[in-house]
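Have a look at the structure below, then the notes.
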Amino acid sequence: MSRNTVALIAAALTFMSAGAGYVPEGWNLAAREKFAEQRFGIFIHWGIYANYAQGEWYQQQIGIDTETYGRMKDGFCPSKFDAKEWVRVFKDAGAKYVTITSRHHDGFSLWPTKADDGYNIAETPFRRDILGELAKACGEAGLQLNFYYSLMDWHRKDYPAGSAAKKVFGDQKGDYESYKRFMLAQMGELIDSYRPGVIWLDGEWEHARRRKDGTWSRTLDWDFDTIYDFIHSKNVLVANNNHQPIRPKEDIQLFERDLPGEGEMFSKNQPLAHDRPVEQCDVIQKGVWGYKINERTFRTPEEVCAMICRCAAKDSNLLMNIGPDGSGRLPAPAVGVMADVGKWMRANGDAIYATRGLGLVKNADGSETGKTRKGDDIYTITIAKGAFPSVERNLQQGSH
Ligand code: GLC
């Protein structure tokens, strides 16, 4: 049994004694380990918002009603979409998995779901099953596919609007039992049809606020026990990007745009759990997840490699986002960056994949030193501004 497994079992027992009573099963612990070994994934934010080309929050930001915004469904026909080509770019970059928005906050689904009122890819002129094509291409290339799934919804009448959705719906009370049935039906379809490794939830935060005294004020009881038990019953991992301390049944700890345990953006209130795999997600196109036509600043390959190294040193995965445009193409600058990241990963991947993080320190000259370990090998990674990280391999002291 690996140290990781022992730590996870110990953590599970702690939770039991704390009354939560949840003990992850063997498949779950194995899946967590496999997830952590992958270390680098590509996040994809894509939906009809790509046509508006103003990021994935456009509908809410301009305060447009769902009916008017949703008409873009009739104009969503990404003729250049080629799942195989996307996957070639991701694999070439050294990514081991892909997490795509099956349905983002605007409520539009990228697969021909039977659970909704026709707000999905089957009802566009494109009609093709985007998730199905991506699942097939990922399967052929040996990449794991995961699904982002939005808890918040800016389309359905049964969704109880929280602080962000109120800008779209006003004070919509909704009917959470009905909305939950819909979500469970959709998650069932997603899992049964495409066999993802992880369901990655997002949007809970619009119903939760941390008070000054450290307690949480909540405006919706999501009944996560039912949702998590359902996902687990199908042998799929649960992650929730809720910007809150992690719960026993959440399998992966997520940090949005913050280095794990160093919350400056969204994760100020998330102490590092230490007993779960960790993933930091971040953007390649400045400030947005969905494609934005007038945002020309992209991260450089040096920056992306530095981020991968910082994460690995902190025992975390990096999930780097790309927002494809309305034609179905990955933005050209992102493709160029990924090609260079791939070159670095081919030369230095031993210091990253399947390692454990030993920490990251800042040096007096502004550079950083990260350390990772695999077996008896210790990797020392030097990260300096504007340069690709450099890697040195040493044998652990005392081993021969
Ligand atoms: C935030 C944003 C969302 C994005 C997500 C990715 O929660 O609301 O647009 O999908 O972060 O981490």
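The values are calculated or read from the model by the stated rules, or taken from the named source; none is laboratory data. Predicted model, so just to flag it, every value in this text is computed and none were measured. Note that we place each Cβ from the backbone using ideal geometry, even for glycine, and neighbour counts take in every protein chain shown. What goes into the accessible areas is simple: the full protein's heavy atoms, side chains included, and nothing from ligands, DNA or RNA. Shrake-Rupley method; radii C 1.70, N 1.55, O 1.52, S 1.80 Å.
Observations on the model:
- Descending Cα extents along the principal axes, the range 220-361, whole Å: 42, 39, 31
- √(5λ) per eigenvalue of the Cα gyration tensor, the range 272-319, largest first, Å: 25, 13, 5
- Accessible surface, per residue, of the range 274-400 when the full set of protein chains is kept, probe 1.4 Å, Å²: 45 Å²
- Charge tally for Leu190 (other residues, Cβ to Cβ under 10 Å; Lys, Arg +1; Asp, Glu -1): +1.
- Rounded D (µm²/s) - the range 98-233, Kirkwood Rh over Cα pairs, Stokes-Einstein at 10 °C, 1.306 mPa s: 100 µm²/s
- From most to least packed by mean Cβ count within 10 Å, the peptides 142-149, 302-309, 313-320 give 313-320, 302-309, 142-149.
- Comparing Thr226, Phe43, Thr68 along the charge dipole axis of the range 25-355, the residue lying farthest to the positive side is Phe43, per the Cβ-charge model.
- For the range 193-245, the solvent-accessible area of protein heavy atoms averages 43 Å² per residue (probe radius 1.4 Å; ligands and nucleic acids excluded).
- Considering only alpha-carbon pairs that sit under 8 angstrom and 6 or more positions apart, the relative contact order computed for the range 25-355 is 24 percent.
- Simple label model, 7 Å out from Cα along Cβ direction - Val23 to Thr380, nm: 4.4 nm
- In this calculation the C-beta distance from Arg181 to Asn394 is compared with R0 = 35 Å, giving a FRET efficiency of 0.05.
- Candidates Asp251, Asp74, Asp92, ranked by Gaussian network fluctuation over the chain, Cα under 10 Å, top entry: Asp74
- If only the Cβ of Lys and Arg carry +1 and only the Cβ of Asp and Glu carry -1, the dipole of the chain around its Cα centre is close to 580 debye.
- Above-threshold pairs, the threshold being 32 Å between Cα atoms, out of Lys114/Lys212; Lys80/Lys286; Lys292/Lys385; Lys286/Lys343; Lys114/Lys166: Lys114/Lys212
- In the range 160-268, the convex hull through the Cα atoms has an average projected area of 7.9 nm², a quarter of its surface area.
- With N as its number of residues, the chain has a Cα radius of gyration that, divided by 2.2 N^0.38 Å, comes to 0.97.
- Of the peptides 272-279, 365-372, the ranking by mean beta-carbon count within 10 Å, highest at the top, reads 272-279, 365-372.
- Of the solvent-accessible surface of the chain, computed with a 1.4 Å probe and all protein chains present, 50% belongs to carbon and sulfur.
- Packing, as the average of other Cβ atoms within 10 Å across residues, places the peptides 287-294, 77-84 in the order 287-294, 77-84, highest first.
- Pairwise label distance in nanometres, Asp365 with Ser79, each label 7 Å out on the Cα-Cβ vector: 5.4 nm
- Listed values for the range 169-180 are Karplus-derived 3J(HN,Hα) couplings in whole Hz (6.51 cos²θ - 1.76 cosθ + 1.60, θ = phi - 60°), namely 9, x, 7, 6, 6, x, 8, 4, 4, 5, 5, 5, and x replaces Gly and Pro.
- Computed over the chain, the per-residue total of -39500 (n - 2.57) for DSSP H runs of n ≥ 4 gives a 222 nm mean residue ellipticity of -9500 deg cm²/dmol, rounded to 500.
- Degrees, to the nearest 10: 130-141 long Cα axis against longest axis of the chain: 20 degrees
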